[in-house]
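This report concerns only the one structure given below.
The values are calculated or read from the model by the stated rules, or taken from the named source; none is laboratory data. It should be emphasised that the depicted structure is a prediction, and the values quoted were computed from it without experimental measurement. Backbone-built Cβ (ideal geometry, glycine too); neighbour counts: all protein chains shown. Note: accessible area is taken over every heavy atom of the protein model, side chains too, but ligands, DNA and RNA are not part of it. Shrake-Rupley method; radii C 1.70, N 1.55, O 1.52, S 1.80 Å.
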Amino acid sequence: MPKYSWMALVGVGLLSGCGSMTGPPSITASRTFYNEVIHDTSSEQLLLNIVRAKNYETPNFIDVSEADATVSFTSGVNGGLSGIGAVPGIHSTSAGTIAGQVGGVTGNFNYADSALVRYAPVQGYPLIQQVSSPIAPVSIVHMFNSDFGLADVLEFSVDRLAPGYTDNYVAQDRMVMLDQFGAIVLAAGAEEEGSGGGKRHRGSAAAGPSRDSAEDSSTQNLNVILHPGSLHPSGFIAGRDCTFAEQSPDAAVTKLWSGLRQLYRGSAANMITLRGAATSDFFFTTRSAIGALKEGEVDTIHFATPEEAAEIRALNNAAPCRINANIFYFNPPADKRTPDEVNIMWSSYLADALVPRVDQDIRARTIWRDTHRAFIIVEQGPGVPQNAYVAVNKRGTWYWIDNDDLVSKANFGLLNEIVTIQAVPETRQPLTPSISVGR
């Protein structure tokens with residue numbers, strides 16, 4: 001066979017082989033890309049809404065409700081021979097020297113990956129549900145069971161935790177320390193009228209009412225249950241150079257639970273029930289998603305220059321009594337921001353929780369200390385950040401979370417979880433998919 005025929009066959013094979021870009025390989029080439037883009041832009045939207053809340057502006061959400069990707073591929077090959085039968089090298093008086101048999105191959109291929117993306121602005125009832133409805137206790141249990149830090153879950157989702165306002169942080173700290181020892185579990189349930197006019201409990205975190213029911217945030221209870229088996233060693237909770245590491249786990253849990261029960265009179269021996277239904281003495285209340293975003297108005301979400309952010313992280317990481325779990329940073333005022341002060345805040349955080357009694361000194365110290373905590377550090381500056389986990393530009397100023405800041409990244413993820421949990425299901429009709437997966 002002439003060499004040009006072989007070349008034509010090879011060209012056909014090569015161009016036809018490009019068809020492997022369709023089918024499963026096309027999913028490999030595009031799925032991760034779409035996933036990353038949607039993830040990154042969702043994070044940017046959340047950070048932008050944190051900045052808006054910090055500046056007392058209204059947050060806004062636009063969801064990517066659907067992405068219809070269409071992959072197409074076409075190819076073609078044309079070939080031909082001329083001068084068939086001619087003998088090359090023969091001179092003709094009319095045509096000049098004959099070249100002999102001549103062949104040619106041409107080909108083309110086209111690959112297209114187009115997407116029809118559907119944006120859905122959150123407005124009306126879905127917006128109210130997502131940003132203004134209180135977080136249901138069952139959702140708090142789900143976040144706790146998802147291994148988010150209890151300190152972080154309570155800070156962002158609970159508005160009132162104890163009967164006395166000045167006891168809110170005292171109760172939170174003792175619950176957090178009990179959780180650090182692995183000594184408590186959380187369960188959600190509802191209260192309904194019993195046959196005798198009294199209250200009786202029903203439901204649990206798994207079997208309780210759905211978030212769509214009217215009673216979720218107003219009548220659900222959050223139960224804190226003592227479970228003092230297989231406690232974590234104290235040395236696993238704080239640094240071994242901290243005196244707290246010498247505590248007996250059994251003795252520490254006994255002190256913590258005794259002190260916690262003092263705040264909730266009439267609680268059972270092994271369970272404290274935080275009732276969502278309004279009573280004459282106390283009912284606990286939860287935040288909404290907008291309430292969580294508004295933590296940017298206080299130090300819970302702290303806005304700082306890169307230099308200040310680096311200083312806060314370094315001081316906390318060097319504190320011997322810092323809790324090993326990534327939960328928050330202590331952030332005293334700038335004139336008190338020293339290594340000794342930060343370590344005193346950590347050591348008193350541990351020591352005060354272990355005191356069975358609750359007096360005014362402990363209350364005052366706890367309020368001052370716990371209102372100077374940063375759960376998320378948002379850095380800001382005029383230049384484009386170089387090591388950002390997520391970044392947005394608003395009116396010429398860049399805002400970002402450092403990629404090496406594990407505490408802020410974890411709590412940013414929790415805040416994103418809260419916003420997602422509060423969202424209502426999509427009610428619009430989906431697009432009709434049209435995806436080519438031909439071989």
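Cross-link pairs exceeding 30 Å between alpha carbons, from the set Lys255/Lys294; Lys54/Lys409; Lys54/Lys255: Lys255/Lys294; Lys54/Lys255. Only protein heavy atoms count here; on that basis, with a 1.4 Å probe, Phe33 has an accessible area of about 130 Å². For the pair Ser30 and Asn60, a Förster radius of 22 Å applied to the C-beta separation gives a FRET efficiency near 0.15, rounded to the nearest 0.05. Computed about the Cα centre, the dipole magnitude for the range 318-419 is approximately 200 debye when only Lys and Arg (+1) and Asp and Glu (-1) carry charge, each at its Cβ.
Stretching the chain fully between Glu341 and Ser267 yields a gain of 23.0 nm (0.36 nm per residue, less the alpha carbon separation). Segment Asp147..His227, full-extension length gain: 27.1 nm, with 0.36 nm per residue of separation and the alpha-carbon distance subtracted.
Does a label point 7 Å from the Cα of Ala351, set along Cα-to-beta-carbon, have any residues of the range 238-256 with amide nitrogen under 15 Å, and which are they? Backbone N within reach: 242-247. With Cβ to Cβ distances under 13 Å as the rule, what net charge do the other residues near Thr254 carry (K, R +1; D, E -1)? Here the count lands on +2.
Spin-label model, Thr420/Asn108: points 7 Å from Cα along the beta carbon direction are separated by 4.5 nm.
Taking K and R as +1 and D and E as -1, what net charge do the other residues with C-beta under 15 Å from the C-beta of Tyr56 add up to? The partial results should precede the final answer.
Details: positive: Arg52, Lys54, Lys294, Lys394, Arg395; negative: Glu57, Glu295, Glu297.
For residues surrounding Tyr56, the net value is +2.
Computed from backbone phi with θ = phi - 60° and the Karplus coefficients 6.51, -1.76 and 1.60, the 3J(HN,Hα) list for the range 382-394 is x, x, 5, x, 9, 9, 9, 6, 8, 8, 9, 10, 10 Hz; x is used for glycine and proline.
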